[in-house]
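*Asks:* The structure is given below, and queries will be raised subsequently.
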Amino acid sequence: MTAAQVHETISEETVRQISDELGEPDWLLETRLDALDALSELEMPDVIRTPGRDWTNLDALDYESFVDPLNAAEEKDQVGPEDAEVLPFAEAVEEREELLKEHFGSVVDPQENYLTALSTALFSTGTVVYVPRNVDAEDVTIRTTQNSQSLFNYTLVVTEQSSSVTILERQDTGEDVDGDRYYSGIVEVAAGENSHVQYGSLQDLDQETYNYTLKRGDADDYATVNWIEGNLGSRLTKSSVETELNGEGSETKTVGAFFGHGDQHFDVAARVWHNTAHTTADLVTRGVLDDEARSVYEGVQDVGRDAWDTNSYQRENTLMLSDESEADASPKLIINNHDTEASHSATVGQIDEEDMFYMTSRGVDDLTARNMLVEGFFVPVLEEVEVEELREDLQTRIAERLRT
């Protein structure tokens, strides 16, 4: 399926109707139409290639049958404390237009690739979180249940100076939706000076859904943007969590976990750009694969010429429970400043036979021993999850997956 073929199924009339129903100003409509016009020229997001193989083939998906934006349906909960603003996108258009005008598309370029442009042209739902100066906002919850064949979701988080926010996002699928589906989510985080953003996400879409998500943060001076990324659902997930450390003394941490079974496919990436001095990053990901599940991981630490006194660390481990599962990992260090302390590592392997022997020799049956080892494998990542509710959700879903 080529980009031109997909483009032909989406009309300017469709984009105008979506924009009109949301009551959008002309500048936002023009942004959508520009993204629509760019589709025929844009490439799919980059995927990892090894000799003779593309690990993820996004071009092969039948987008023409997935994309039905005018019939989008969902259930959405958007809850936050009184001293922060948590607005459905249509309300934000009316009440916070200047905020949107300043920040929409400022972190994620709407025309960065084919799928970001598709999302920009067609998104019909979303959330805007605004945290004023010196406000500590806890317990912001965004839950999206997809009840249609396709759903395009947009989230914008803006924190002013010396504020903080903790956001817990979930995506799942309604019970009455049949057939293949497509979910797209774009998240932009603009973290102001000395602010702190913690964004946790649990993707639990059903296994008939193809999922594309791009989350990116821009951290100002002494700001912190932390991500927790849990991927358990979908048939195919292409997910990237990224931070641009543009402010002096800014920090980021990405904690990722995935668990695939059946024929699930996870293409996950964690990326950080150190663009100025005294910045710190820590990327930690662990995944488990069973049956014929596949995963590919890319981690990028990019240290710029002006990024003096950089600290950047990356660790990724994948555990395969069956001979039919497949995994690959590509950690990358790009260092252009000698005043840098950085490391990266990645491992792919199966359960240690000595560990299994130790447990079974003490009366533990094979299945229980395997499950205990898997739960133990996730512990180092779960210990990094500071949001208790999300940590408990991940533990529960991992335990449920082991029992199936």
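*Asks:* Could you check the stretch 27-57 and list, in sequence order, the residues that are crowded, with 18+ Cβ neighbours inside 10 Å and at pLDDT below 90?
*Replies:* Of everything in the stretch 27-57, just one residue is crowded, with 18+ Cβ neighbours inside 10 Å and at pLDDT below 90, namely Trp55.
*Asks:* Within the stretch 197-204, is even one residue in contact with a strand residue (DSSP E or B) (Cβ under 7 Å, 6 or more places away or on another chain), in a loop (DSSP other than H, G, I, E, B) and free of Cβ contacts under 8 Å to residues at least 40 places away in the same chain?
*Replies:* no
Okay, residues lined up against (1) touching a residue at least 60 places away in the same chain (Cβ under 8 Å); (2) basic (Lys, Arg); (3) open to solvent by 60 Å² or more (accessible area, probe 1.4 Å):
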position: Gln350; (1), (2), (3): no, no, yes
position: Glu354; (1), (2), (3): no, no, yes
position: Tyr358; (1), (2), (3): no, no, yes
position: Ser361; (1), (2), (3): no, no, yes
position: Pro380; (1), (2), (3): yes, no, no
position: Glu383; (1), (2), (3): no, no, yes
position: Asp393; (1), (2), (3): yes, no, no
position: Ala399; (1), (2), (3): no, no, no
position: Arg403; (1), (2), (3): no, yes, yes
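Per-residue answers, yes or no, for (1) within 26 Å of Arg53 (Cα to Cα); (2) hydroxyl-bearing (Ser, Thr, Tyr); (3) open to solvent by less than 30 Å² (accessible area, probe 1.4 Å):
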| residue | (1), (2), (3) |
| --- | --- |
| Phe266 | yes, no, yes |
| Asp302 | yes, no, no |
| Ile334 | yes, no, no |
| Thr347 | yes, yes, no |
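*Asks:* With the condition kept exactly as written, say whether any residue in the stretch 65-76 is in contact with a strand residue (DSSP E or B) (Cβ under 8 Å, 6 or more places away or on another chain), over 21 Å from Leu22 (Cα atoms) and in a helix (DSSP H, G or I).
*Replies:* There is at least one residue in the stretch 65-76 that is in contact with a strand residue (DSSP E or B) (Cβ under 8 Å, 6 or more places away or on another chain), over 21 Å from Leu22 (Cα atoms) and in a helix (DSSP H, G or I).
*Asks:* Here is a follow-up. Answer yes if at least one residue in the stretch 315-326 is over 29 Å from Asn371 (Cβ atoms), more than 18 Å from the chain's Cα centre (by Cα) and modelled with pLDDT of 95 or more, and no otherwise.
*Replies:* The answer is no; no qualifying residue exists.
*Asks:* Can you confirm whether Glu24 is more than 21 Å from the chain's Cα centre (by Cα) and loosely packed, with under 15 Cβ neighbours inside 10 Å?
*Replies:* When the stated conditions are applied, Glu24 does not pass them.
*Asks:* Separate question: Just for the stretch 184-215: of the residues that are under 12 Å from the mean Cα position of the chain (by Cα) and among the aromatic types (Phe, Trp, Tyr), which one is farthest from Gly80 (Cα to Cα)?
*Replies:* Within the stretch 184-215, the match that is farthest from Gly80 (Cα to Cα) is Tyr212.
*Asks:* Tell me, which helices (runs of 4 or more DSSP H) lie completely within the stretch 79-146 with 1 or more residues that are crowded, with 20+ Cβ neighbours inside 10 Å and touching a Pro at 6+ places or on another chain (Cβ under 6 Å)?
*Replies:* 114-122
*Asks:* Kindly indicate the residue of the stretch 293-331 that is of a type in the set (A, V, I, L, M, F, W, C) and outside any loop (DSSP other than H, G, I, E, B) and also nearest to Glu251 (Cα to Cα) among those meeting that condition.
*Replies:* Residue satisfying both the conditions and the ranking: Val303.
*Asks:* Go through (1) open to solvent by 10 Å² or more (accessible area, probe 1.4 Å); (2) closer than 21 Å to Glu392 by Cα for Val165 and report which single condition fails.
*Replies:* All conditions pass for Val165, except number (1).
*Asks:* Identify the residue in the stretch 233-260 that is among the aliphatic types (A, V, I, L, M) and crowded, with 24+ Cβ neighbours inside 10 Å and, among all such residues, is nearest to Gln314 (Cα to Cα).
*Replies:* Val255
*Asks:* Right, here's the next one. Can you list residue pairs whose Cβ atoms sit under 6 Å apart, with the first residue in the stretch 45-68 being at negative phi and the second being open to solvent by less than 20 Å² (accessible area, probe 1.4 Å) and of a type in the set (Gly, Ala, Ser)? Count only pairs 6 or more apart in sequence or on different chains.
*Replies:* Phe66/Ser150; Val67/Ser150; Asp68/Ser150
*Asks:* Further, regarding this structure: Take the stretch 348-363 and flag every residue that is in a helix (DSSP H, G or I) and either at pLDDT 85 or above or among the hydrophobic types (A, V, I, L, M, F, W, C) (or both).
*Replies:* Scanning the stretch 348-363 gives Met356, Phe357, Met359, Thr360.
The values are calculated or read from the model by the stated rules, or taken from the named source; none is laboratory data. Since we're looking at a predicted model, the values are computed, not measured. All Cβ positions, even for glycine, are placed from backbone atoms using ideal geometry, and neighbour counts span all protein chains on display. Just the protein is used for accessible areas: all its heavy atoms, side chains included, with ligands, DNA and RNA removed. Shrake-Rupley method; radii C 1.70, N 1.55, O 1.52, S 1.80 Å.
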